[in-house]
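The values are calculated or read from the model by the stated rules, or taken from the named source; none is laboratory data. On a predicted model such as this, the values are computed, not experimentally measured, just so you know. Here the Cβ positions follow ideal geometry from the backbone for every residue, glycine too, while neighbour counts run over all protein chains shown. Protein only, heavy atoms only, side chains kept; ligands, DNA and RNA dropped before computing areas. Shrake-Rupley method; radii C 1.70, N 1.55, O 1.52, S 1.80 Å.
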Amino acid sequence: MLSVAGLGQSAVADAVGEDQPYAITGNVKLDGEPLAGIRITVTGGSYEAEVVTDAEGRWFIGIPDTNPYTVTLDETTLPEGIAVVEGGASQEVQIGKSDRVVKNFFIGEGVRNASGGFEQFLTRLVYGINFGLMLGLAAVGLSLVFGTTGLSNFAHAEMVTFGALMAFVFGVVLPLPIWVAIPLAVIVSGASGWLLDSGLWRPLRRRGLGLVQLMIVSIGLSLAVRYVFQFFIGGSTLQLPGFDSPKIPIFGTLALSVIDMASMGISLAVILGFAWWLMGTKTGKATRAISDNPDLAAASGIDVEKVIRTVWIVAAGLAGLAGVLWAYFRPGIKWDMGAQILLLIFAAVTLGGLGTAFGALVGALVVGVLVETSSLIIPSDLKYVGALVVLIAILLFRPQGLLGRKQRIG
């Protein structure tokens with residue numbers, strides 16, 4: 001019979017989440033001999049991490065909080081005829097007084113039990129919708145900027161990080177109630193969009209810089225701001241109030257916290273409000289007119305610069321809100337957290353159709369669901385890759401995106 005024993009403070013060759021404040025560790029051996037390549041997965045709420053044991057049979061997974069987590073030993077990676085014979089392949093653990101816990105499995109000769117595939121799929125689907133809605137807020141803002149200015153703004157990732165940092169400043173440093181801190185963070189994020197357009201993008205547009213040059217400027221701005229964030233907060237992970245709120249069982253393995261449900265509700269409410277603004281207000285209609293044909297919009301009397309200024313404010317505010325929700329979904333705030341999902345944001349915009357705000361939302365939902373559900377069949381470390389591969393495949397058959405229109409080039 002096999003026992004997964006403790007590692008203490010020893011180093012682990014194969015480890016994930018080493019920057020997290022807590023950890024779950026183990027050591028896999030069969031009849032005293034270490035087993036390498038055994039897959040261990042830790043899940044809890046929206047957090048998921050996966051690792052395989054090293055040559056000594058050791059594994060280490062960092063976790064962000066002390067909530068209960070489910071540790072799963074993938075029996076398909078065990079030798080033939082060997083299975084978990086006590087407690088099941090998935091077991092719940094919780095951090096105690098120390099900052100780490102050791103998880104023990106007992107295995108030997110036995111029959112492997114299949115886990116509930118439908119429950120796992122439902123759980124990942126709900127998390128995917130939550131992730132997609134959050135991603136959609138950022139993608140819609142990026143699409144608005146592209147539609148009105150033609151700029152592919154790589155610094156949009158730092159707007160996402162900035163919103164989360166402002167929520168931390170207002171909610172933890174000051175500290176204000178979180179229901180006050182989040183709206184203030186969104187307002188300050190919107191103000192940063194106004195400042196960026198006034199101080200940087202509008203002067204560059206007036207100088208007649210091309211789109212490629214503006215894109216290069218956005219890349220440089222992104223790198224500069226990202227390392228400014230690192231200078232002030234370092235490499236540690238910061239947490240917002242309520243990040244460790246308990247999970248409420250919904251169905252099977254699906255459990256959502258109040259924060260998870262509030263995140264989805266806020267995302268839906270903001271998206272509906274944005275749709276009303278874009279379709280029903282004068283500024284929203286002007287925004288769509290500029291996206292269709294800026295020269296014709298200007299000739300018809302629309303103040304293009306004023307609308308673009310408004311678009312930057314809205315885009316930055318949406319990105320800031322997405323950053324706050326992303327900080328709860330991860331959970332945690334890091335200096336490069338926006339950059340970690342930048343390619344997914346661009347993927348959502350491209351998949352939905354360049355310059356179409358509603359297309360960006362649809363693309364974000366598709367990407368979010370693909371990212372989360374793909375972890376059921378591929379390692380979680382590769383789930384972002386799976387979404388990008390699907391993006392490429394779809395665009396091979398529909399280059400204009402899901403809601404984009406075919407355009408003649410040349």
- prompt: What FRET efficiency, computed as 1/(1 + (r/R0)^6) with R0 = 35 Å and r the Cβ-Cβ distance, is obtained for Thr70 and Leu403, rounded to the nearest 0.05?
  reply: 0.40
- prompt: What order do you get for 203-214, 276-287 when each peptide is scored by the mean count of other beta carbon atoms within 10 Å, highest first?
  reply: 276-287, 203-214
query: Using alpha carbons only, how many degrees (0 to 90, rounded to 10) separate the axis of helix 117-149 from the longest principal axis of the chain?
result: 20
message: List the pairs from Lys285/Lys334; Lys29/Lys334; Lys247/Lys334; Lys97/Lys247; Lys29/Lys97 whose alpha-carbon separation is above 32 Å, in the order I gave them.
response: Lys285/Lys334; Lys29/Lys334
- prompt: Three principal axis extents, largest first, for the C-alpha atoms of segment 132-193, in Å?
  reply: 39, 23, 15
query: Nearest 20 debye, what's the magnitude of the dipole of the chain about its Cα centre given +1 on Lys and Arg Cβ and -1 on Asp and Glu Cβ?
result: 2080
message: I'd like the per residue volume of the convex hull spanned by the Cα atoms of the chain, given in cubic angstrom.
response: 157
message: In the chain, if the dipole is taken from +1 on Lys/Arg beta carbons and -1 on Asp/Glu beta carbons about the Cα centre, which of Ala297, Gln20, Leu403 is farthest to the positive end?
response: Ala297
statement: Sorted by accessible surface (1.4 Å probe, heavy atoms of the protein chains only), largest first, Arg330, Arg202 come out as Arg202, Arg330
- prompt: So how far, in whole Å, is the C-alpha centre of segment 252-305 from the one of segment 206-220?
  reply: 25
query: Once the Cβ-Cβ distance between Ile378 and Ala275 is put in as r, and R0 is 60 Å, what FRET efficiency do you end up with, to the nearest 0.05?
result: 0.95
query: Beyond 20 Å, what share of the Cα-Cα pairs of segment 156-268 remains, rounded to the nearest whole percent?
result: 56
message: Place a point 7 Å from the Cα of Gln91 along the Cα-to-Cβ direction; which residues of segment 23-64 have their backbone N under 13 Å from it?
response: 25-29
- prompt: Calculated FRET efficiency, Arg205 and Ala298, Cβ-Cβ r, R0 22 Å, to nearest 0.05?
  reply: 0.95
statement: Karplus-derived 3J(HN,Hα) from phi for segment 263-276 (6.51 cos²θ - 1.76 cosθ + 1.60, θ = phi - 60°), whole Hz, x at Gly and Pro, runs 4, 5, x, 5, 4, 4, 4, 5, 5, 5, x, 5, 4, 4
- prompt: According to a simple spin-label model (label point 7 Å from Cα along Cα-to-Cβ), what is the distance in nm between Phe231 and Leu343?
  reply: 2.8
- request: For the chain, set up a Gaussian network in which alpha carbons nearer than 10 Å are linked by springs, and say which option among Leu361, Leu137, Leu238 fluctuates the most.
  value: Leu238
